[in-house]
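A short write-up of the structure that comes next.
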Amino acid sequence: MTIGRAEEDRNRVDIFTVELLWKMEYFSQKMALRIGVLLLIGVSSKYLAV
């Protein structure tokens, strides 16, 4: 019984870790996209202003 519960806890931790990694990857992709868009707007506005 104790072994089964330990296995269950480990599975729960694995699922939590996978979800956390997925959320971090998704968030970093969104941030990278936002930074890229901001850079693009900044560069284009600088060229348009000149």
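Values in this text are rule-based calculations from the coordinates and carry no lab data. Values in this document were obtained by computation on a predicted structure and should not be read as measured data. Note: ideal-geometry Cβ built from the backbone for every residue, glycine included; neighbour counts use all protein chains shown.
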Query raised in the report: Rounded if a/c is under 1.5, else prolate if a/b beats b/c, else oblate: with a ≥ b ≥ c from the C-alpha gyration tensor eigenvalues square-rooted, which is the chain?
Result: prolate
Query raised in the report: Looking at the chain, which chymotrypsin sites (Phe, Trp or Tyr not before Pro) are in a loop (DSSP not H, G, I, E or B) and have at most 12 other Cβ atoms within 10 Å?
Result: none
Query raised in the report: For helix 2-49, what angle does its Cα long axis make with the longest principal axis of the chain, in degrees from 0 to 90 and rounded to 10?
Result: 0 degrees
